[in-house]
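One structure below.
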Amino acid sequence: MKSTQLFQRSILATAAVLAFAAHAGEVEVLHYWTSGGEAKSAAALKATLQAKGHVWKDFAVAGGGGDNAMTVLKSRVVSGNAPAAAQIKGPALQEWAGEGVLANIDDVAKAEKWDSLLPPVVANVMKYKGNYIAAPVNVHRVNWLWASNAAFKKAGAKVPTNWDEFFVAAEALKKAGIIPVAHGGQNWQDFTTFESVALGVGGADFYKQALVQLDQGALTGATMTKVLDTFKKVKSYTDKNAPGRDWNLATAMVIKGEAGMQLMGDWAKGEFVAAGKKPGADFTCAAAPGTAKSFTFNVDSFAMFKLKNEANSQAQKDLATAIMSTDFQEVFNLNKGSIPVRLNMNLAKFDDCAKLSANDFVATAKNGGLVPSVAHGMAIGSATSGAIQDAVSQFWNDDKMSSKDAQAKIASAAKVK
Ligand code: BGC
């Protein structure tokens with residue numbers, strides 16, 4: 001090659017690098033994915049952004065369910081220093097958008113045809129006044145029961161399909177010297193169990209009336225008393241070290257066979273998978289007792305905050321585009337335990353738990369069994385939801401409180417605005 005040609009080539013290469021660098025932006029991402037399966041999923045998001053030539057600035061705030069992360073986010077936004085993207089979901093997206101701090105990413109959504117790629121129930125939540133302000137990553141199902149096959153075999157127990165069978169299995173596990181129910185110690189964990197009990201005992205219509213519409217009649221009626229009695233009975237099968245325990249440590253007890261079951265959303269599957277366990281062979285996923293025909297949904301999404309820097313804004317948009325791509329939706333959800341939120345994805349690489357979830361998501365959207373998770377911020381505003389969750393946890397933790405007293409507390413918490 002002649003020296004002039006070489007020179008021209010190196011000029012072109014340098015120009016390409018400079019052009020790339022000029023467009024490289026930094027995206028600070030607030031998330032709370034710090035457990036085994038969660039961290040792998042966050043790493044997939046980071047790799048996706050980096051592959052576009054941008055810089056990932058990690059802003060991880062540990063604490064399942066995201067309560068800690070939301071507290072930190074508020075103080076950052078109040079001091080005028082919002083991250084580019086933050087893991088916010090459900091009605092909280094509307095609350096943040098109402099503050100005027102979120103960016104309009106409609107140009108990305110239009111170019112990528114998000115309206116036709118997302119179920120309307122999800123797309124509506126991602127929009128504020130008709131414009132997209134957040135990008136969804138997945139659909140988690142919350143009403144799951146996770147069972148250790150080894151523990152159930154040792155106890156000679158059968159994975160329950162209703163609450164009567166649940167307590168039969170719990171007794172058998174207890175007799176075999178196994179902790180029947182792995183549980184942890186935050187309000188959202190108590191409420192994750194509570195909403196599955198409400199759905200299983202009361203059915204989807206009761207769930208919607210009591211926990212979504214906050215109907216006082218439903219909250220103070222006989223079905224609610226039965227739900228609270230059943231919920232409290234579950235507590236008697238947990239161990240005394242549950243207070244303060246993180247959800248993933250409770251999952252680890254089931255993974256090791258020290259505990260028989262856990263009522264938890266399918267981010268728990270991310271933990272089993274990260275520990276090398278296989279559904280069917282090592283553990284069983286089943287709808288929470290009595291909830292096979294319902295689906296409590298929990299959609300993780302990233303809200304995009306308004307940014308001043310042009311390159312960072314572009315990087316933020318590239319992140320939004322990447323989040324909805326088929327490649328990302330596959331690798332992320334394989335690790336996370338959830339299913340892709342993007343419609344018509346090929347699920348060949350997904351396991352039977354994910355396939356069941358995908359089928360049930362579609363079926364329940366048609367039969368009225370698809371309900372938003374209250375514990376995971378999908379159903380009601382944060383103030384009301386916080387008050388109700390406090391009341392439920394108070395009942396869970398206070399062995400002297402009656403179901404009737406708890407019921408009155410929950411009904412009055414439902415009026416908090
Ligand atoms: C989030 C999940 C997360 C889980 C535990 C849920 O509210 O939607 O993404 O894995 O909390 O932290």
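The values are calculated or read from the model by the stated rules, or taken from the named source; none is laboratory data. Since the structure is predicted, the reported quantities are computational estimates derived from the model, not experimental observations. Glycine also receives a Cβ, built like all others from the backbone with ideal geometry; neighbour counts cover every protein chain displayed. Please note that ligands, DNA and RNA were not included when accessible areas were found on the heavy atoms of the full protein model with its side chains. Shrake-Rupley method; radii C 1.70, N 1.55, O 1.52, S 1.80 Å.
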Could you list, in sequence order, the residues of the range 344-353 that are open to solvent by 70 Å² or more (accessible area, probe 1.4 Å), under 19 Å from I323 (Cβ atoms) and at pLDDT 95 or above?
-> N346, K349
Condition test on D67, is it within 13 Å of the ligand (Cβ to nearest atom), of a type in the set (D, E, K, R) and open to solvent by 60 Å² or more (accessible area, probe 1.4 Å)?
-> yes
Just one listed residue, out of G377, G337, is at positive phi, within 16 Å of the ligand (Cβ to nearest atom) and touching an Asp or Glu at 6+ places or on another chain (Cβ under 9 Å), and it is G337
In the range 120-150, the residues that are open to solvent by less than 50 Å² (accessible area, probe 1.4 Å), away from the ligand (no atom under 14 Å from the Cβ) and within 18 Å of G377 (Cβ to Cβ) | A123, M126, K127, I133, A135
Single match in A383, A354 (criterion: under 26 Å from A134 (Cα atoms), part of a helix (DSSP H, G or I) and within 16 Å of the ligand (Cβ to nearest atom)) = A354
Which ones in the range 223-249 are within 15 Å of I179 (Cα to Cα), assigned to a helix (DSSP H, G or I) and away from the ligand (no atom under 16 Å from the Cβ)?
-> K233, V234, K235
Kindly indicate whether L228 is crowded, with 24+ Cβ neighbours inside 10 Å, of a type outside the set (K, R) and out of contact with any His (no Cβ under 7 Å at 6 or more places or on another chain).
-> yes
Out of the range 30-58, which residues are open to solvent by 30 Å² or more (accessible area, probe 1.4 Å) and assigned to a strand (DSSP E or B)?
-> V55, K57, D58
Does at least one position in the range 163-175 carry a residue that is within 16 Å of the ligand (Cβ to nearest atom), surrounded by fewer than 23 Cβ atoms within 10 Å (Cβ to Cβ) and farther than 26 Å from F272 by Cβ?
-> no
What tally of residues in the range 44-64 results from selecting those that are closer than 18 Å to L319 by Cβ and within 14 Å of the ligand (Cβ to nearest atom)?
-> 3
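Here is a yes/no grid of residues against (1) within 17 Å of the chain's Cα centre (by Cα); (2) open to solvent by 20 Å² or more (accessible area, probe 1.4 Å):
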position: K355; (1), (2): no, yes
position: A363; (1), (2): no, yes
position: S373; (1), (2): yes, no
position: S385; (1), (2): yes, no
position: A391; (1), (2): no, no
One residue from K240, K293, K233 being under 21 Å from A169 (Cβ atoms), surrounded by fewer than 17 Cβ atoms within 10 Å (Cβ to Cβ) and without any contact (Cβ under 8 Å) to a residue 12 or more places away in the chain = K240
Could you tell me whether A19 is away from the ligand (no atom under 16 Å from the Cβ) and either at pLDDT 95 or above or touching a strand residue (DSSP E or B) at 6+ places or on another chain (Cβ under 7 Å) (or both)?
-> no
May I ask you to say which residue of E310, E258 is away from the ligand (no atom under 16 Å from the Cβ), closer than 21 Å to W247 by Cα and open to solvent by 20 Å² or more (accessible area, probe 1.4 Å)?
-> E258
Top-ranked residue in the range 270-285 [being hydrophobic (A, V, I, L, M, F, W, C) and surrounded by fewer than 18 Cβ atoms within 10 Å (Cβ to Cβ); ranked as farthest from the ligand (Cβ to nearest atom)] = A281
Does V212 fit the bill of being of a type outside the set (S, T, N, Q), touching a residue at least 60 places away in the same chain (Cβ under 8 Å) and surrounded by fewer than 23 Cβ atoms within 10 Å (Cβ to Cβ)?
-> yes
Members of the range 393-414 that are more than 16 Å from L214 (Cα to Cα), open to solvent by 70 Å² or more (accessible area, probe 1.4 Å) and in a helix (DSSP H, G or I) = Q394, N397, K404, D405
Residue identified as aliphatic (A, V, I, L, M) and open to solvent by 10 Å² or more (accessible area, probe 1.4 Å) among A155, A182 | A155
